[in-house]
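Structure first, commentary second.
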Amino acid sequence: MIARPPLSRWSYRHVLDLAAFSQEDYATVLELASRFRALPMSGPRRLPALQGRLVTTLFFEPSTRTRSSFELAARRLSADVQSFSPASSALAKGESLLDTARTYVAMGADVLVVRHRCAGVPAELARDLEAAGCRTAVLNAGDGLHSHPSQALLDLFTLARHFNPETPTLEALAGKRIVIVGDVLHSRVARSNLWSLTACGVDVVLCGPASLLPDAFAQFTHAPPPGQAQDLVAQRGSLRIERDLDRALEGADAVMTLRLQQERMKEQLITSLEAYHQRYGLSHRRLERCGKSVPVLHPGPVNRGVELSGELLDDPSRSLVEEQVRNGIPVRMALLYLMAASEPASSAAGLS
Ligand code: ASP
């Protein structure tokens, strides 16, 4: 059983952007995810926590992991689950996105889990629902290039568990050096990771070609995003750019690699996949530069042989990719639990 969940420390109705998270918020999610992860995997797997609640997934963009992980997480908490697919919906008949969302709210949705290719759609939906006096919570499951909070939280949990399996807390992460390599420009995962990792005292090294990693990213966490008054984290870990992967890897404690998001590239930003792999691809040999055995993470889907070699991806002693997928369930259970089971005082993480 989950004893005394730390709801008293949770103050949000919506989760839209980790830029608005405090260290206490991260600690709350990690603590609850650890408890959910520790539940026995055999026997009845459902907790009654969200019985009678309705979780609706509204995915306007494809997803393999995130959607099914949220739906499984909701079912493990005994929520009813409803999913929307754009192809077979009234969107094709001209219904607006807000009206589609309101339709699900009218059916009783307590939480809308929303993915959209445009940045800001989940926040707009949250504002619309607030203005209409609805108590439905909105959880951002990835919006354009902006934010993917649940992915960054599961990455954080996976890293904390790797560094300290018994006690995966913020302390397990403080002072670690983590390299994020690849297509940072098109990655909402990297943007969310920059907020979460630096909040937990991680020193982040970004690596990639200038076409996929503009210099401005070195300032990414220096100011809260537009509309947010202040950064709730007093002292963040450092952030720097290193263009040479071998130099970036020196002394690293973990490496996160990102997919080349060719579907979002409006022009040719790399010369060839082979050349990219040569310069920025990970392999066992490349990782020797770290000077110790370090884990590799990737949010998926992976371009095998591009971001990392097939051998590395399939090596369970180095690759945490499947562990990330596993950890997605307790982390999303934690988020749904916090959002659907609490009566928040304020309204949103990331709603300006
Ligand atoms: N699955 C992640 C996302 O939706 C990463 C990716 O697509 O490369 O952002």
Is there a residue being part of a strand (DSSP E or B) and in contact with a helix residue (DSSP H, G or I) (Cβ under 8 Å, 6 or more places away or on another chain) anywhere in region 159-172? no
Among the residues of region 210-228, which ones are open to solvent by 20 Å² or more (accessible area, probe 1.4 Å) and assigned to a loop (DSSP other than H, G, I, E, B)? 210, 211, 214, 220, 222, 223, 224, 225, 226, 227, 228
Working carefully through the options 29, 55, find the one that is under 30 Å from residue 90 (Cβ atoms), within 19 Å of the chain's Cα centre (by Cα), modelled with pLDDT of 95 or more and more than 16 Å from the ligand (Cβ to nearest atom). 55
What is the one condition in (1) outside any helix (DSSP H, G or I); (2) within 16 Å of the ligand (Cβ to nearest atom); (3) closer than 22 Å to residue 55 by Cβ that residue 112 does not satisfy? (2)
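State whether one or more residues within region 89-98 are part of a helix (DSSP H, G or I) and either surrounded by 18 or more Cβ atoms within 10 Å (Cβ to Cβ) or among the basic types (Lys, Arg) (or both). First the steps, then the outcome.
First pass over region 89-98, keeping only residues part of a helix (DSSP H, G or I): 90-93, 97-98.
Remaining after also requiring either surrounded by 18 or more Cβ atoms within 10 Å (Cβ to Cβ) or among the basic types (Lys, Arg) (or both): 93, 97.
Within region 89-98, one or more residues are part of a helix (DSSP H, G or I) and either surrounded by 18 or more Cβ atoms within 10 Å (Cβ to Cβ) or among the basic types (Lys, Arg) (or both).
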Looking at residue 253, is it touching a helix residue (DSSP H, G or I) at 6+ places or on another chain (Cβ under 9 Å), at pLDDT 95 or above and surrounded by fewer than 18 Cβ atoms within 10 Å (Cβ to Cβ)? no
Consider residue 186 against the criteria (1) over 21 Å from residue 293 (Cβ atoms); (2) within 12 Å of the ligand (Cβ to nearest atom); (3) surrounded by 24 or more Cβ atoms within 10 Å (Cβ to Cβ): it satisfies all of them except one. Which criterion is unmet? (3)
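Look at residue 103 and say whether it is part of a helix (DSSP H, G or I) and open to solvent by less than 50 Å² (accessible area, probe 1.4 Å). First the steps, then the outcome.
Details: part of a helix (DSSP H, G or I): yes; open to solvent by less than 50 Å² (accessible area, probe 1.4 Å): no.
Taking the combined requirement at face value, the residue does not satisfy it.
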Any chance region 257-269 includes a residue that's buried (at least 19 other Cβ atoms within 10 Å of the Cβ) and either outside any loop (DSSP other than H, G, I, E, B) or among the hydroxyl-bearing types (Ser, Thr, Tyr) (or both)? yes
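What are the residues in region 254-284 that are among the β-branched types (Val, Ile, Thr) and either within 16 Å of the ligand (Cβ to nearest atom) or under 23 Å from residue 314 (Cβ atoms) (or both), if any? Even if it seems obvious, please write down each step before you answer.
Filtering region 254-284 for residues among the β-branched types (Val, Ile, Thr) gives 255, 257, 270-271.
255, 257, 270, listed by residue number.
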In the list 69, 147, 83, which residue meets the criterion of being under 21 Å from residue 50 (Cβ atoms) and buried (at least 23 other Cβ atoms within 10 Å of the Cβ)? 69
Are any of the residues in region 156-172 under 20 Å from residue 206 (Cα atoms) and either more than 17 Å from the chain's Cα centre (by Cα) or open to solvent by 10 Å² or more (accessible area, probe 1.4 Å) (or both)? no
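Hey, among 280, 276, which residue is in contact (Cβ under 8 Å) with a residue 12 or more places away in the chain, touching a Gly at 6+ places or on another chain (Cβ under 7 Å) and crowded, with 17+ Cβ neighbours inside 10 Å? Before you say what the answer is, go through the steps one by one.
Working: 276 fails: touching a Gly at 6+ places or on another chain (Cβ under 7 Å).
Every option except 280 fails the conditions.
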Please verify whether region 68-82 includes one or more residues that are within 16 Å of the ligand (Cβ to nearest atom), in a strand (DSSP E or B) and either in contact with a His (Cβ under 8 Å, 6 or more places away or on another chain) or not aliphatic (A, V, I, L, M) (or both). no
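Yes/no per residue for (1) under 24 Å from residue 191 (Cα atoms); (2) within 19 Å of the chain's Cα centre (by Cα); (3) within 16 Å of the ligand (Cβ to nearest atom); (4) open to solvent by less than 30 Å² (accessible area, probe 1.4 Å):
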position	(1), (2), (3), (4)
298	yes, yes, yes, yes
302	yes, yes, yes, no
306	yes, no, yes, yes
310	no, no, no, yes
314	no, no, no, no
317	no, no, no, no
322	yes, yes, yes, no
336	yes, yes, no, yes
339	yes, yes, no, yes
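Looking at region 120-134, which of its residues are within 16 Å of the ligand (Cβ to nearest atom) and buried (at least 17 other Cβ atoms within 10 Å of the Cβ)?
At the first step, the residues of region 120-134 found to be within 16 Å of the ligand (Cβ to nearest atom) are 120-122.
If the condition is that a residue be within 16 Å of the ligand (Cβ to nearest atom) and buried (at least 17 other Cβ atoms within 10 Å of the Cβ), then 121, 122 are the ones that fit.
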Residue pairs within 8 Å by beta carbon, gap of at least six or interchain, first lying in region 255-269 and in contact (Cβ under 8 Å) with a residue 12 or more places away in the chain, second of a type in the set (Lys, Arg), listed first then second, are none
Of all the residues that make up region 128-146, how many are at positive phi and either in contact (Cβ under 8 Å) with a residue 60 or more places away in the chain or among the aromatic types (Phe, Trp, Tyr) (or both)? 1
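The values are calculated or read from the model by the stated rules, or taken from the named source; none is laboratory data. What you see is a predicted model, and the numbers here were worked out from it, not measured in a lab. Virtual Cβ from ideal backbone geometry, glycine too; neighbours counted across all protein chains shown. Heads up: the accessible areas ignore ligands, DNA and RNA and are worked out on the full protein's heavy atoms, side chains in. Shrake-Rupley method; radii C 1.70, N 1.55, O 1.52, S 1.80 Å.
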